[in-house]
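Inspection log for the structure reproduced underneath, given as C-alpha cells.
The values are calculated or read from the model by the stated rules, or taken from the named source; none is laboratory data. This one's a predicted model, so the numbers in the text were calculated from it and none came from an experiment. Because the Cβ atoms are built from the backbone with ideal geometry, glycine has one as well, and the counts that use them run over all protein chains shown. Surface accessibility is based on the protein's heavy atoms, side chains included, excluding ligands, DNA and RNA. Shrake-Rupley method; radii C 1.70, N 1.55, O 1.52, S 1.80 Å.
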Amino acid sequence: RDRLDNYINSSPLDCELTAKSVTTIFWKDSPLHDGAMILRDGRIAGAGVILPLTENIEHKHLPGTRHRAGIGISEDTDALALLVSEETGTISVADRGKLTRGLTRQDLEILLSRVFAGEMRRSSGL
C-alpha cells in the first residue's frame, strides 16, 4: 500500500510483466541488471532502481548489496522484496526487515498467492 513513486521516478518504466521482459531486464549485460524491479498493478513500473540499504547490524555480514537493499526497502515501506542470488539461484524474501532464504518455487507460489489473495480481500472491502 505504500507508494514507491520516489523509487520508481528514479528509473521509470512501464511495460508488461512477462518472463521475456524480466529475463531481458536481468540479463547480465543489461544496464538495468544491477538495480531493482518494482511491480505495480501487474506491470513493471521501474527497473534499475536503487534501493536503500538496511542499516541493521544484524545483516552486515551479507555480501553485496542485493539482499541488504531488499531488506532496506522492506524496512522503509510495506513492500515485499523478492531476491534471487545471481550466483546460486537461491530465492529469498524480505518482509518488514526480516530475510527468509532458501525458498523453493512452490514456497514462492504459496507466499505470493497468500499475499495477493490478501490484497484482493482488502481492495474489495472484505
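Things worth noting here:
- Condition check for residue 100: touching a strand residue (DSSP E or B) at 6+ places or on another chain (Cβ under 7 Å), of a type in the set (S, T, N, Q) and farther than 25 Å from residue 6 by Cβ: yes
- Checked against (1) under 22 Å from residue 99 (Cβ atoms); (2) of a type outside the set (S, T, N, Q); (3) at pLDDT 90 or above, residue 60 meets all criteria but (3).
- Scan of the range 3-21 for residues that are of a type in the set (S, T, N, Q) and surrounded by 16 or more Cβ atoms within 10 Å (Cβ to Cβ), ordered by number: 11, 21
- Close pairs from the range 91-116: first on the phi < 0 side of the Ramachandran plot and open to solvent by 70 Å² or more (accessible area, probe 1.4 Å), partner hydroxyl-bearing (Ser, Thr, Tyr) and outside any strand (DSSP E or B), Cβ under 7 Å, at least 6 apart: 101/90
- Among residues of the range 3-16 that are farther than 20 Å from residue 74 by Cβ, those with a beta-carbon under 7 Å from a residue that is open to solvent by 90 Å² or more (accessible area, probe 1.4 Å) at least six positions away or on a different chain give the pairs 14/43; 15/43; 16/43.
- Of all residues making up the range 22-45, the number that are more than 16 Å from residue 84 (Cα to Cα), surrounded by 14 or more Cβ atoms within 10 Å (Cβ to Cβ) and not β-branched (Val, Ile, Thr): 3
- In the range 77-88, of all residues being open to solvent by 30 Å² or more (accessible area, probe 1.4 Å) and within 22 Å of residue 13 (Cα to Cα), the one that is nearest to the chain's Cα centre (by Cα) corresponds to 82.
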